[in-house]
Amino acid sequence: MKKIISFTSLILSIISISSCYYDNLAEMTPSTGVIGGSCDTSGTMSYTSNIVPILQSNCGTSNSCHGSGNTSGYDLSTYAGVNAVVQNSKLISSITWSGTTPPMPQNGSKMSDCSITKIQKWVNAGAPNN
């Protein structure tokens, strides 16, 4: 009987200890895509303030990739050019690496989740020229 009580106590102790969990704030609130973190996707996304800087840093709008006079056929240095790839659904497909268009940036790392979320939010709002 004493062995059964000792064994039960041991099992309950192990279960009790293993059920403890240390909440890590960084894991619970990652900085990408979280309001108040380093990626704020609240409010209206502005083409000028939010989208242009993302395109400039990821899409080669100031060089031969997707700037004016490029060889790709997609000029992302102007609103008209960006709106054209929004309307044909190639912008979201290429930045999310969905497989229906070549993944962009070509030969580079996928855009951050934050940048993708901002662009998707802007597109979902009708891709306004704001």
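Across region 54-67, a minimum of one residue is classified as in a helix (DSSP H, G or I) and at pLDDT 90 or above.
Scan region 16-36 and tell me whether some residue there is modelled with pLDDT of 75 or more and not hydroxyl-bearing (Ser, Thr, Tyr). It would help to see each step written out before you state the result.
Of region 16-36, the ones modelled with pLDDT of 75 or more are none.
No, because not a single residue in region 16-36 is modelled with pLDDT of 75 or more and not hydroxyl-bearing (Ser, Thr, Tyr).
Identify the residue in region 84-115 that is open to solvent by 40 Å² or more (accessible area, probe 1.4 Å) and in a helix (DSSP H, G or I) and, among all such residues, is nearest to THR41 (Cα to Cα). Filtering first and then ranking leaves ASP113.
Has region 71-80 got at least one residue that is in contact (Cβ under 8 Å) with a residue 60 or more places away in the chain and either open to solvent by less than 30 Å² (accessible area, probe 1.4 Å) or outside any loop (DSSP other than H, G, I, E, B) (or both)? Please lay out each step first, then the result.
Going residue by residue through region 71-80, those that are in contact (Cβ under 8 Å) with a residue 60 or more places away in the chain are none.
Among the residues of region 71-80, not one is in contact (Cβ under 8 Å) with a residue 60 or more places away in the chain and either open to solvent by less than 30 Å² (accessible area, probe 1.4 Å) or outside any loop (DSSP other than H, G, I, E, B) (or both), which makes the answer no.
Within region 75-87, being under 22 Å from the mean Cα position of the chain (by Cα) and either among the aromatic types (Phe, Trp, Tyr) or over 19 Å from LYS118 (Cα atoms) (or both) holds for one residue alone: TYR79.
The values are calculated or read from the model by the stated rules, or taken from the named source; none is laboratory data. The model shown is predicted, which means the values in this text are computed figures rather than measured ones. Glycine also receives a Cβ, built like all others from the backbone with ideal geometry; neighbour counts cover every protein chain displayed. With ligands, DNA and RNA removed, areas are computed over all heavy atoms of the protein, side chains included. Shrake-Rupley method; radii C 1.70, N 1.55, O 1.52, S 1.80 Å.
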